[in-house]
Amino acid sequence: MLTPYSRTLSLEDAAHLVRRTSFGGSATKIRSLVGKTPQDALLQLMDFTPSENSKNPFDPSDAVNKNAADKIFQAKWLFEMIHGEAPMREKLAFFLHGHFAISTEKVGSPEALDQYLGVLREHSLKPFGVLTLEIAKSPAMLRYLDNDQNKKGKPNENFARELFELFTLGVGNYSEKDVQESARAFTGWTFTGPSKKAPNAKLQFVFQRKQHDDGNKTILGEQGNFTGDDVVRIATGHPETAHFLANKLFKFYVSSNPKPEDVAALADVWTRSRGDLQQVLTALFTSSSFYASKNQVVKSPLDFVVGSIRALELPIQGEGVYQSLLRTLTGLGHAPLDPPNVSGWEGGRSWVSDGALLSRIQTAASFTLSKKVTLNTKDLTLALLGSETTALNPIIQKLTSPQQAYLVMISPEYGLM
Amino acid sequence: MKRREFLKISSLAISLTTGMPAFLARAAAQAQSMAGDKILVVIQLSGGNDGLNTLVPYANGAYYAARPNIAIPKQEVLTLSSSLGLHPSMKPLMRFWDTGKLALLESVGYPNPNRSHFSSMAIWHSGDVTGASKEGWIGRIAETIGDPFCATNFGSVTPLALRTNELILPSIDNLDKFQLKLPQGTEKAFEQIMGLPRQNDAEFVAQATRHMISNTAKVQQNLSKYKAGASYPENNKFAAKLKELARLVAANTGQRILYTDIGSFDTHAGQRADQDRLLGEFSSGIDAFMKDLDSQGLGDKVMVLAFSEFGRRVAENDSAGTDHGQGGVMFVLGAGVKGGIYGDSPDLEKLNQGDVVYKQDFRGVYARVLDNWLKIPSKTIMGAEFTAPAFTV
């Protein structure tokens, strides 16, 4: 059992919660959570009911070609992270996107991307087995890991392998035979969609019975003439999955070096709740371990870009600005829907390199120096660094507000969160 | 410029040795005892390059029987021997073969092959076949010779190969933007901020920032030494990266190992279109790169080593692709190479779970390059003795 954090939130606690779970926020937003219980503060952020921002100007159907459609879709999501009313939902969807990675290049359909992101948003607080099944049946994933090519007699193992290795059990907890047998269970899973003959056909999962191998299979010690649904059920319900996901959540949200007993405690919550993500995340974000982990995560490029804009309340508008933000994120290797490979992003210290540090410094200049940043020093360090009184305050306080913001953003402290 | 001099250079007068790991501080004070001027360019073919369609066993009926849709027809193969030939997209590399500068190593892998991209890649990066080590083989070179700038990755994220627990070697993704200019009025405050005491991850980031400042200054001072000597193929991202590597080689700022990647070779479906294109980009890029270096009198300093995390399944799948396999093909090319085909060709009648059986341990290939080209004792880096055929001069 994870020890719950028993105090009401201090200013630093509130800033920590907002930075870690919700891409950061303004000093005003942070102050509004002070004095609340960890549960109440979390409930406020964990409200995933708001619909997408109606002012989102990006519509992939406006695109002149596929490449442009992909870019517009990426910008659309970025806009939602920056301006949406449920930033915690977007950050969680991004975590899950890194987990169930796909890329625009191979998926090649804005409609499939839209469905995929919709699944991540809609099921992110549901049981993990439900989420995994929905993702496994999404045309984006069927295409990305080639299950649309997986047919009786000549199975394609790509999806079955990654399901075990990356989505559920983790490497070392299954055999090559399990992969081969599971690939057979997923035969016949594919999708249909618009074509020249039927331009308005719905893009959706279909089960092609004729292509399905309904023979007997042995998977992770269980025997039966399993289908893909069975494999997802067996894999997501496996005890190793609880541990694998608990560890991954800790690394993403809490600390690059989680304590083994903390991971075991979260895995226990996972097992008892049958992978109910709402219960698991609530236990995590109200735990004393979470609140004791300030500045123990290396800030990702996406947190750097989105978090800075939100903290400084920068007036980011216009298609050109978003294209420029996406170029920055692409250069830093962290553009949404464009992961380096099927394992998503490694995170942690891998974000630190010469080129990346330099690019962050250049981004900091473009965010602050020509913009009208007018925040006072306390608000600035609270929103950016999570405290009104940091070691930087006395060094920067005589400079102009844009210079202060710039220096905070290029400090080693801002490399963490 | 000598290394000792550049260590003093810093646009901000921030001491590089402050907070430096002890082994590096020690080494920085030493002469360049293990330094040499030979350069190794390591190219990672990400995703698992299919070896059988790269070095094609065109006289083997079993090859054609296993791949009715995706085999390379005999008449298209670039003949190297009575049984083997290169994929037709690799024509630009034939000039290296003809002059004895291209070595191909067959059936390369390691014991207990792992078919996961990430596990297998980690094994190739660390040289630890259990996959447990988080220390890259090139990172260990940097620690051993005590030079945090001896290797550079060209890309945005430094791969495991160039990392150790204490050290992350530099990554550069754009040489022209690789410079730090602080706006007027912020320099002094920045220097004070960098001077604050720190621990753990904060110190790690601070140290990386100091390294970056010093590294950018050094590279910028030397980039003008490059004189373009070849035109690189257009619409070829890999070739564009090699051009930047050529500029770094010409800058002569002490990098002995340069690392970059091309991909994805993960051809589960529609293999021919993707692999044909990638092998073409790979080959034409390297051709231009070596021409460029030759024209600047630098060609005899550079050896190129290319690897992939595994080969692919011998039999094609129903998607005109191939699934993850085991043994694969490595290339070594350029200066210091004794051309030829080394190792045993895969026995397509005797497979392991449908895969080519590995016969040559990749660590032996690293070892030979370390000992004979970089002149760095391989046993220190690899932790044991490994052998490979004599593909170096």
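Remarks
- Label-point gap, in nm, between B:GLU234 and A:ARG209 - each point 7 angstrom along Cα→Cβ: 5.5
- B:TRP97 accessible area, assembled protein chains, probe 1.4 Å, Å²: 60
- For region A:146-227, dividing the convex hull volume of the Cα atoms by the residue count gives 98 Å³ per residue.
- Most mobile of A:PRO336, A:PRO194, A:PRO239 in a GNM of chain A (Cα contacts under 10 Å): A:PRO194
- Taking all protein chains together, B:LYS359, A:LYS196, A:LYS55 sort by accessible area into A:LYS196, A:LYS55, B:LYS359, largest first [probe 1.4 Å].
- Pairwise burial A:B, computed as accessible area of each alone minus the pair, summed, 1.4 Å, Å²: 4200
- Gap separating the Cα centres of region B:149-221 and region A:209-263, nearest whole Å: 39
- Max mean-square fluctuation residue, GNM over chain A, Cα-Cα springs under 10 Å, options A:GLN397, A:GLN223, A:GLN208: A:GLN223
- Across the cross-link table entries A:LYS36/A:LYS398; A:LYS151/A:LYS248; A:LYS55/A:LYS106; A:LYS202/A:LYS248; B:LYS218/B:LYS241; A:LYS248/B:LYS134, which are compared at the Cα atoms, the separations over 27 Å belong to A:LYS36/A:LYS398; A:LYS151/A:LYS248; A:LYS55/A:LYS106; A:LYS202/A:LYS248.
- Solvent accessible area, Å² - A:LYS66, 1.4 Å probe, full protein context: 90
- Pair B:GLU191, B:SER295: separation of 7 Å Cα→Cβ label points (nm): 4.3
- Values of log10 I(q)/I(0), in the order q = 0.10, 0.11 Å⁻¹, for chain A under a Debye, Cα-only, solvent-free model: -0.71, -0.85
- Taking the empirical scaling 2.2 N^0.38 Å for compact globular proteins as reference, the protein assembly as shown has a Cα radius of gyration ratio of 0.95.
- Å² per residue, accessible surface of chain B at 1.4 Å: 37
- The residues of region A:146-227 expose on average 47 square angstrom of accessible surface per residue, using a 1.4 Å probe on protein heavy atoms.
- Sequence-separation-based contact order of chain A, relative, with Cα cut under 8 Å and 6+ spacing, percent: 20
- Annotation: for a label point projected 7 angstrom from Cα along Cα→Cβ of B:GLN353, residues of region B:48-85 with backbone N closer than 17 Å are B:48.
- Cα-derived Rg over Rh, computed across region B:123-240 with Rh taken as Kirkwood radius: 1.03
- Spin-label pair A:LYS372/A:ASP268, simplified geometry with 7 Å Cα→Cβ offset, distance in nm: 5.5
- Rounded accessible area per residue of region A:301-415, 1.4 Å, Å²: 35
- Probe 1.4 Å - accessible area at B:TYR342, Å² to nearest ten: 30
- Taking the accessible area of region A:301-415, probe 1.4 Å, and keeping the other protein chains in place, the carbon and sulfur fraction comes to 50%.
- Long-range amide H partners of B:GLY85 with built H, under 5 Å: B:VAL56, B:TYR58, B:LEU80
- Most fluctuating residue given options B:LEU258, B:LEU169, B:LEU298, as computed from a GNM of chain B linking Cα atoms under 10 Å: B:LEU298
- Relative contact order of chain B, taken over Cα pairs closer than 8 Å and 6 or more residues apart, is 29 percent.
- Compactness index (Cα Rg / 2.2 N^0.38 Å), region B:179-225: 1.34
The values are calculated or read from the model by the stated rules, or taken from the named source; none is laboratory data. All values derive from a computational prediction rather than experimental measurement. Because the Cβ atoms are built from the backbone with ideal geometry, glycine has one as well, and the counts that use them run over all protein chains shown. Each accessible area value is taken on the protein alone, full model and side chains, heavy atoms only, with ligands, DNA and RNA left out. Shrake-Rupley method; radii C 1.70, N 1.55, O 1.52, S 1.80 Å.
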